[in-house]
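Let me begin by presenting the structure, written as structure tokens, before commenting on it.
The values are calculated or read from the model by the stated rules, or taken from the named source; none is laboratory data. Nothing here was measured: the structure is a model prediction, and the numbers come from that model. We place every Cβ from the backbone using ideal geometry, glycine too, and count neighbours over all the protein chains shown. These accessible areas exclude ligands, DNA and RNA; they are computed on the full protein's heavy atoms, side chains included. Shrake-Rupley method; radii C 1.70, N 1.55, O 1.52, S 1.80 Å.
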Amino acid sequence: MTRLIFLGPPGAGKGTQAKLLADLLEIPHISTGDILRSAIAQATPLGKKAKSYMEKGELVPDELLLDLVCDRLKQPDAHKGWILDGFPRNVSQAAFLEKLLQELNQVFDYAVNLDVPDEVLMSRLLGRGRHDDNEQTVRRRLEVYRNETEPLIGFYSERSSLKVIDGDRSVEEVTQSLQQVVAS
Ligand code: AMP
């Protein structure tokens, strides 16, 4: 049974690695970014509310996501493990998740931080061509990451559940390190 929380700045390869590892382990890859993008594509009420925040590189308000994550972790396929990618994104989401997991009687294995130097992040993000990847949005996403999400490294390291992985390597090498973490 594997339960992992993926941290790391935008462009660190979180989404790619989380998906690869989830496929290998045959557990769900739960990406709040993917859920929001699909809500926008389908123009659901959630998508309509989230769109402007995402386009600006801001975090979507917590209240749009908390119930959604709660429901998703209660789905039958999540009983055999999960990888959370992009949630939590700030300390209040992390506190919410901590309480939720207690209620569900679940313990996560590790919060994994994919570590990549800033200049590499910038060039990866600008080369990616996603809708919310224009330069201004990218800068704002990195800034929001520093202010809101990076403090989670301290949050999880205080709980002795942090693993830092060098994300500035080939996709295969990073996946291998992650598999070692899972096996540890
Ligand atoms: P991602 O695909 O994880 O990079 O997320 C893309 C965008 O979706 C972010 O820039 C945020 O606007 C929004 N988003 C994704 N996850 C969260 C979250 N946990 N809290 C708030 N906003 C989020």
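Restricting attention to region 67-93, and to residues there that are more than 10 Å from the ligand (Cβ to nearest atom) and of a type in the set (A, V, I, L, M, F, W, C), which single residue is farthest from ASP23 (Cα to Cα)? In this case the residue turns out to be VAL91. The set of residues in region 23-82 that are touching a Phe, Trp or Tyr at 6+ places or on another chain (Cβ under 6 Å) and either within 27 Å of GLU143 (Cα to Cα) or of a type in the set (D, E, K, R) (or both) comprises ILE30, THR32, VAL60, LEU66, VAL69.
Take the conditions (1) closer than 23 Å to LEU20 by Cα; (2) open to solvent by 70 Å² or more (accessible area, probe 1.4 Å); (3) in contact with a Gly (Cβ under 8 Å, 6 or more places away or on another chain); LEU114 misses just one of them, which is (2).
Of all residues in region 44-65, those satisfying the criterion of being open to solvent by 90 Å² or more (accessible area, probe 1.4 Å) and either aliphatic (A, V, I, L, M) or farther than 24 Å from MET122 by Cα (or both) are PRO45, LYS48, LYS49, GLU63.
From the list VAL107, VAL144, the one residue that fits, being in contact (Cβ under 8 Å) with a residue 12 or more places away in the chain, closer than 24 Å to TYR156 by Cβ and open to solvent by 40 Å² or more (accessible area, probe 1.4 Å), is VAL107. Each residue in region 131-150 was checked for being more than 10 Å from the ligand (Cβ to nearest atom), touching a helix residue (DSSP H, G or I) at 6+ places or on another chain (Cβ under 8 Å) and modelled with pLDDT of 90 or more, and 1 of them qualify.
If you filter region 51-66 down to residues that are more than 7 Å from the ligand (Cβ to nearest atom) and not acidic (Asp, Glu), you find that the one that is farthest from the chain's Cα centre (by Cα) is SER52. Is it the case that region 113-129 has a residue that's in contact with a strand residue (DSSP E or B) (Cβ under 7 Å, 6 or more places away or on another chain), within 19 Å of LEU4 (Cβ to Cβ) and without any contact (Cβ under 8 Å) to a residue 24 or more places away in the chain? Scanning region 113-129 turns up no residue that is in contact with a strand residue (DSSP E or B) (Cβ under 7 Å, 6 or more places away or on another chain), within 19 Å of LEU4 (Cβ to Cβ) and without any contact (Cβ under 8 Å) to a residue 24 or more places away in the chain. Scanning region 3-22 for residues that are touching a Phe, Trp or Tyr at 6+ places or on another chain (Cβ under 7 Å) and surrounded by fewer than 18 Cβ atoms within 10 Å (Cβ to Cβ) turns up nothing.
Filtering VAL138, VAL69 for residues that are among the hydrophobic types (A, V, I, L, M, F, W, C), under 23 Å from ILE35 (Cα atoms) and under 16 Å from the mean Cα position of the chain (by Cα) leaves a single hit, VAL69. Is it the case that ALA12 is over 16 Å from the mean Cα position of the chain (by Cα) and part of a loop (DSSP other than H, G, I, E, B)? No: the conditions fail for ALA12. Selection over region 73-100 of residues that are on the phi < 0 side of the Ramachandran plot and small (Gly, Ala, Ser) gives a count of 4. Among what's in region 27-43 and is assigned to a helix (DSSP H, G or I) and surrounded by fewer than 17 Cβ atoms within 10 Å (Cβ to Cβ), pick the residue that is farthest from the ligand (Cβ to nearest atom). So, considering only residues that are assigned to a helix (DSSP H, G or I) and surrounded by fewer than 17 Cβ atoms within 10 Å (Cβ to Cβ), the one farthest from the ligand (Cβ to nearest atom) is ALA41.
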